[in-house]
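What follows is one structure encoded as structure tokens, with my remarks underneath.
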Amino acid sequence: MTAAGMDSVSDGRFRLGIIPTVAPYLLPRILPVLRDRFPGLQVELREAVTATLVHETGIGKLDAFVAALPIEAPGLVCNRLFDDRFLLAVPSGDPAFVSPPVPPESPELERLMLLEEGHCLRDQALALCGSVKPAAMARYGATSLTTLLQMVSHGMGITLLPEMATKAGLELRGLKLVRFAEPQPQRTICLAWRKTTP
């Protein structure tokens, strides 16, 4: 959505969707800016997985949404916002991660715990692992990064963490963050809206 488009709705309602692995880390940064720049704009937020946001934007229940690429919906326009690198969250005393960076083919990635089906971060983690199949995937499931980080801090496995969420990860005891080998894997965050939106 262009700045001119935002100016035209500066006194109306803006229904914004956002995926759960972005919302808690991006909203504290953008909501104050929106409030300052558009004081008359009523922002309504909807947190949901990408497929739900695509559907609701397509039928007009949302004006736009923030999610990770790829987004395959021919009726939508996607504008890249930024790239977000991935790190590994591991138990702080784990001997397997004393000398990062971690190669994406590391057998230690078999201990990776993932978000439940429907979360794009799950698909990105599986793509990143390549030939390594996470064994922990069958035993554990979580619907939030916060839950996964708690599980890691108690030695139950490891998980993938977007860089934008590192502050939350660093606040937990018993957990450390390690980088991947170059080129570091990342996701691209975008803003998407209907092509027919003014």
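Points worth noting:
- Residues that are of a type in the set (A, V, I, L, M, F, W, C) and open to solvent by 20 Å² or more (accessible area, probe 1.4 Å) were ranked within the stretch 82-99; the one that is nearest to Arg194 (Cα to Cα) is Phe82.
- Among all residues of the stretch 77-87, there is none that is touching a residue at least 60 places away in the same chain (Cβ under 8 Å) and outside any strand (DSSP E or B).
- Any hit, the stretch 28-39, residues being within 20 Å of Leu121 (Cα to Cα) and at pLDDT below 95: no
- Selection from the stretch 61-81 of residues that are open to solvent by less than 30 Å² (accessible area, probe 1.4 Å) and either modelled with pLDDT of 95 or more or touching a strand residue (DSSP E or B) at 6+ places or on another chain (Cβ under 7 Å) (or both): Leu62, Asp63, Ala64, Phe65, Val66, Ala67, Ala68, Ile71, Leu76
- Candidate set: the stretch 100-126, residues that are part of a helix (DSSP H, G or I) and either open to solvent by 80 Å² or more (accessible area, probe 1.4 Å) or β-branched (Val, Ile, Thr) (or both); chosen: the one modelled with the lowest pLDDT: Asp123
- The residues of the stretch 15-44 that are of a type outside the set (S, T, N, Q) and under 21 Å from Thr147 (Cβ atoms), listed by number, are Ile18, Ile19, Pro20, Val22, Ala23, Pro24, Tyr25, Leu26, Leu27, Pro28.
The values are calculated or read from the model by the stated rules, or taken from the named source; none is laboratory data. Since the model is a prediction, treat every value here as computed from it, not as a measurement. When we count neighbours, we look across all protein chains shown, and the Cβ atoms used for this are built from the backbone with ideal geometry, even at glycine. Protein only, heavy atoms only, side chains kept; ligands, DNA and RNA dropped before computing areas. Shrake-Rupley method; radii C 1.70, N 1.55, O 1.52, S 1.80 Å.
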